[in-house]
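Taken together, the values in this text are just the output of simple stated rules run on the coordinates, not laboratory data. Values in this document were obtained by computation on a predicted structure and should not be read as measured data. Glycine gets a Cβ as well: all are built from the backbone with ideal geometry, and neighbour counts include every protein chain shown.
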């Protein structure tokens, strides 16, 4: 069972302020590496926030994020922080600039630096501890459970999408 309440999701309410953009990152064809993308897909059109499924190339979505003029950017990704599979933690993405813990460390460090240079938004990273990253594998049971818990919590915190919005930013 994952400890999402005290690990990372419990801290989100106080951290998500103003106009929010959620950016899911990951490769859905590589097991738990697809966790961030799965969260974004679960949120698209359901929350009153910008949502982008950046997949394996978050650097290709930087300008739509900036144009959204967010006050808070929440990156969601599989992150090996040494926890139990499916564990969730709110992390400082600036640690990724130095080759941190994400399965996308190089591009996430660049994404963080670029976003900090281009907009005044707070940039947060919600990491989900992967269990397996094999090509062609599905999400592990632990990570799939955490994806569901993260999407549910974010839906409650961000509120429902307006009827005329699709939630996506491109």
Q. For the range 9-158, what is the convex hull volume of its Cα atoms per residue in Å³?
A. 92
Q. Which order results if 25, 128, 52 are arranged by neighbouring Cβ count within 10 Å, fewest first?
A. 52, 25, 128
Q | Percent RCO, i.e. relative contact order, over the range 4-155, from Cα pairs under 8 Å lying at least 6 residues apart | A | 32
Q: Give, in nm to one decimal, the length gained when the segment between residue 13 and residue 113 is fully stretched (0.36 nm per residue of separation minus the Cα-Cα distance).
A: 33.6 nm
Q) Please state the Cα pair-distance histogram of the range 107-167 with 5 angstrom bins from zero: what percent is in each bin? A) 3, 13, 14, 15, 19, 22, 11, 3
